[in-house]
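Below is one structure, written out as structure tokens, with a few remarks after it.
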Amino acid sequence: MLRTYARFASPPVGAATSERGDGVIGAKDRPSDLSGASDQDIVAWAKEGHEAAFRELVRRYERPVFSLIYRMVRNRALAEDLAQETFIKVLNGIRSYNPQFKFSSWIFKIANNAAIDHLRRRDLDTLSLDGSPYAATPEEAHATALQLGDRAETPLEEVEARELGGAIDRAIAKLRPEYRACILLRHVEGYAYEEIAQILDLPLGTVKTYIHRGRNELRRHLEDRRE
Amino acid sequence: MTARLELHLTPDEIEQWALGLLGAARALHLAQCPECLAAAERERKLYRELAQLGRFAPEPGFADRVMAQVRIPTPSGGFKP
């Protein structure tokens, strides 16, 4: 019998169930390859209790979710904790997911909230290599800058410097977190303005303004660096 | 039509141009307006830099660490032990 993703999204009555008699579709009735299925189908299977579907959602989104958070908080270990927290929240709340919205929008909303909440709590965005973006004077910027020469970098910090040390990533780090999130969702994840508004719970006009201002600031930071 | 042709490009239109989506009528203005062309070129340069941004992977074993804390639902409404 040919197994299709559509069938898996809505298993037929009387489909083979697990030996435990819990009504869960048995392993022999699940498709072996989930990679071509839509997010909506995968979520439907996850809601029915298929662990493979949960793992597929993690496989699909671990890199985009981790990358967004990592660029927001600029700390690998912290980004990993926040990404893990995001997935646990999403997967444990899978039954509350509303399929009217894109799954990707839902998970990015939770990921972004995790990052923004953390930045607000810890004000980590001031831990810039170049000093706080809110510094009013060069002296203030210097005082809030990380002094890399003060101590040896740990191996993890060396990885972070390599991964986030490029001019464009350093410029992104100087943006306000709200601008940063908009720019990353637009230019790294390729979301439309309307989707970004939905993910960030912001009016469309605000998103456009943030992206426009964010790009102006990026240009300025990049030009400053070149001069 | 003439009035529209004379209007400078909006940020949205400059973005459309950078993405290759600007309509022919507004492209005509761009071709005749050094101010808009300079702004559009600046925007395109930034887009190219942003396009170089890649994605990062979490440490190996990330999925297993997540799954260790996920409760798999059962059709009866509970969770698998």
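Other protein chain C-beta atoms within 10 Å of residue C-beta, averaged over A:92-100: 1. Residue by residue along B:42-51, Cβ atoms of other protein chains within 10 Å of the local Cβ number 4 on average. Going from the fewest other Cβ atoms within 10 Å to the most, the residues A:R219, A:R180 appear in the order A:R219, A:R180. Take the Cα of A:D81, go 7 Å toward its beta carbon, and the backbone nitrogen atoms of the stretch A:161-186 under 19 Å from that spot belong to A:161.
Net charge around B:M67, counting only other residues with Cβ within less than 10 Å of its Cβ (Lys, Arg = +1; Asp, Glu = -1)?
On the way: positive: A:R55, B:R65; negative: A:E51, B:D64.
Its environment carries a net charge of 0.
Charged neighbours of A:G214, selected by a Cβ distance under 9 Å, balance to +3 (K, R count +1; D, E count -1). Shielding of peptide A:110-120 by partners, expressed as the average count of other chain Cβ atoms within 10 Å per residue Cβ, is 0.
Provide the FRET efficiency to the nearest 0.05 for the A:E153-B:A51 pair, computing r from the beta carbons and using R0 = 22 Å. Display every interim value, and only then the final one.
Numbers: r = 29 Å, r/R0 = 1.32.
Computed FRET efficiency for A:E153 and B:A51 comes out at 0.15.
Straight-line cross-link partners of A:K174 among the lysines, defined as a Cα under 25 Å from its Cα and at least 8 positions apart when in the same chain: A:K109, A:K208, B:K45. Each Lys and Arg Cβ is given +1 and each Asp and Glu Cβ -1; about its Cα centre, the stretch B:2-67 then shows a dipole of about 120 debye.
Can you name the helices of chain B, as whole DSSP H runs, whose Cα span along the helix axis is 15 Å or more and whose Kyte-Doolittle mean is not below -1.0?
Working: long enough: B:34-51 (25 Å, -0.73).
Qualifying helices, which must be both long enough and hydrophobic enough, are B:34-51.
Given R₀ = 41 Å, what would the calculated FRET efficiency be for B:L28 paired with A:R162, taking r from the Cβ atoms and rounding to 0.05? Between B:L28 and A:R162 the formula returns 0.35.
Ranking B:A38, B:F56, B:L7 by Cα position along the charge dipole of the stretch B:2-67, where only Lys, Arg, Asp and Glu carry charges on their C-beta atoms, puts B:F56 farthest toward the positive end. Using the Cβ-Cβ distance between A:A52 and A:A192 with R0 set to 30 Å, the FRET efficiency from 1/(1 + (r/R0)^6) comes to roughly 0.45.
Once you have a ≥ b ≥ c as the square roots of the Cα gyration tensor eigenvalues for the stretch B:2-67, tell me rounded if a/c is under 1.5, and otherwise prolate or oblate according to whether a/b is larger than b/c.
Prolate shape, in that a/c is at least 1.5 and a/b is the bigger ratio.
Fully extending the segment from A:D33 to A:F101 would add 22.0 nm, taking 0.36 nm per residue of separation and subtracting the current Cα-Cα distance.
None of the figures in this text is laboratory data; all of them are computed from the coordinates on show. Worth saying up front: this structure is predicted, and the values here are computed from it rather than measured. Neighbour counts run over all protein chains shown; Cβ positions are idealised from the backbone, glycine included.
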